[in-house]
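The values are calculated or read from the model by the stated rules, or taken from the named source; none is laboratory data. Keep in mind the model is a prediction, meaning the values are calculated, not measured. Here the Cβ is made from the backbone with ideal geometry for all residues, glycine too, and neighbour counts use every protein chain on show.
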């Protein structure tokens, strides 16, 4: 394997070995604490524009199976692992992770001290970084200095899958019609809706109001996705025009978009919540759930509309993990109830969405 570097915008330089594609790539450097589910992480649209570090040291041991991807391509800008397994052991494996990243033209780097990188991100916060093949760190530093800020990019517009748009999912005679606003929707969200007798139609994040109203859905789901919700006021304004007419459910970025539609503010977390082990407390039932999360922004609890009731909090830092409207059939959660990867304990949230529709 060729040598290469991961260089962070604070000047930190980490030497390792390149796998996957060999094209230089930059992005916001974040870490995920999940032990498994690396294929779902790689193909999760919420990671668009980000270099992902896996804190678990061994990645790739069960290979790649094309049936479990969460979107139609690898979404990460780059991938950082301590060690990747070149000889996977699983009956369903079709590719190694090296072959997968080569096919998708995504660079990876291994054999570096991932603990040191994660500790730096944890203490200083997320920052831009670059991965490249070569022996001269100056190449990467020059490239990194000219890269745009992650916060300035509207990444959700670029993750809509053209094949999904205007295509319906579920049976045509299903009980419920759901419009999914695609800010970076994951495949398992569509599967879980279909399991609940829903016919689903996908709309891009820049959809036309007339098109959605013509579809006349029973409910609207605003999907997870990448980037800063402050760059998506074009969608917030459209949602604000629809909230009185349709039951709504927002997940992750969708939760933030919904909150902003009711004049709440959002802010950037120091290093985000990314992994399958985030504890969330339901303030109504008192129960605690372990959740899958993948976000770098949160709803500001100090600036939530009186119309909204905070229903869930993250027990690690007390940030808002869920809310509901006090009068309208509207709810949002910050975590990934669809998992993929992560615990399946929170799929019941989709049943609550259906209950909101039934109250209409």
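Listed conditions (1) surrounded by fewer than 20 Cβ atoms within 10 Å (Cβ to Cβ); (2) part of a strand (DSSP E or B); (3) on the phi > 0 side of the Ramachandran plot are all met by residue 20, apart from (1). Here 178, 251 are screened, and the one residue that is surrounded by 23 or more Cβ atoms within 10 Å (Cβ to Cβ), within 18 Å of residue 46 (Cα to Cα) and under 23 Å from the mean Cα position of the chain (by Cα) is 251. Filter the range 318-358 down to residues that are over 16 Å from residue 250 (Cα atoms) and without any contact (Cβ under 8 Å) to a residue 24 or more places away in the chain and give me whichever is surrounded by the fewest Cβ atoms within 10 Å (Cβ to Cβ). Once the filter is applied, the top-ranked residue is 327.
Residue pairs whose Cβ atoms lie under 9 Å apart, sitting 6 or more positions apart in sequence or on different chains, and linking a residue in the range 184-197 that is touching a residue at least 24 places away in the same chain (Cβ under 8 Å) to a partner that is surrounded by fewer than 17 Cβ atoms within 10 Å (Cβ to Cβ) and part of a helix (DSSP H, G or I), are 187/68; 196/351.
Within the range 257-286, the set of residues being buried (at least 19 other Cβ atoms within 10 Å of the Cβ), free of Cβ contacts under 8 Å to residues at least 60 places away in the same chain and either assigned to a helix (DSSP H, G or I) or out of contact with any strand residue (DSSP E or B) (no Cβ under 8 Å at 6 or more places or on another chain) (or both) comprises 260, 261. Farther than 20 Å from residue 270 by Cα and either out of contact with any strand residue (DSSP E or B) (no Cβ under 8 Å at 6 or more places or on another chain) or in the same structural domain as residue 182 (by TED's automatic domain parsing) (or both): which single residue out of 79, 38, 84, 62 fits that description? Exactly one of 79, 38, 84, 62 is farther than 20 Å from residue 270 by Cα and either out of contact with any strand residue (DSSP E or B) (no Cβ under 8 Å at 6 or more places or on another chain) or in the same structural domain as residue 182 (by TED's automatic domain parsing) (or both), namely 62. Restricting 236, 304, 243 to residues that are out of contact with any strand residue (DSSP E or B) (no Cβ under 9 Å at 6 or more places or on another chain), buried (at least 18 other Cβ atoms within 10 Å of the Cβ) and over 27 Å from residue 124 (Cβ atoms) narrows the list to 236. Among the residues of the range 23-40, those that are farther than 15 Å from residue 109 by Cβ and part of a loop (DSSP other than H, G, I, E, B) comprise 33, 34, 35, 36, 37.
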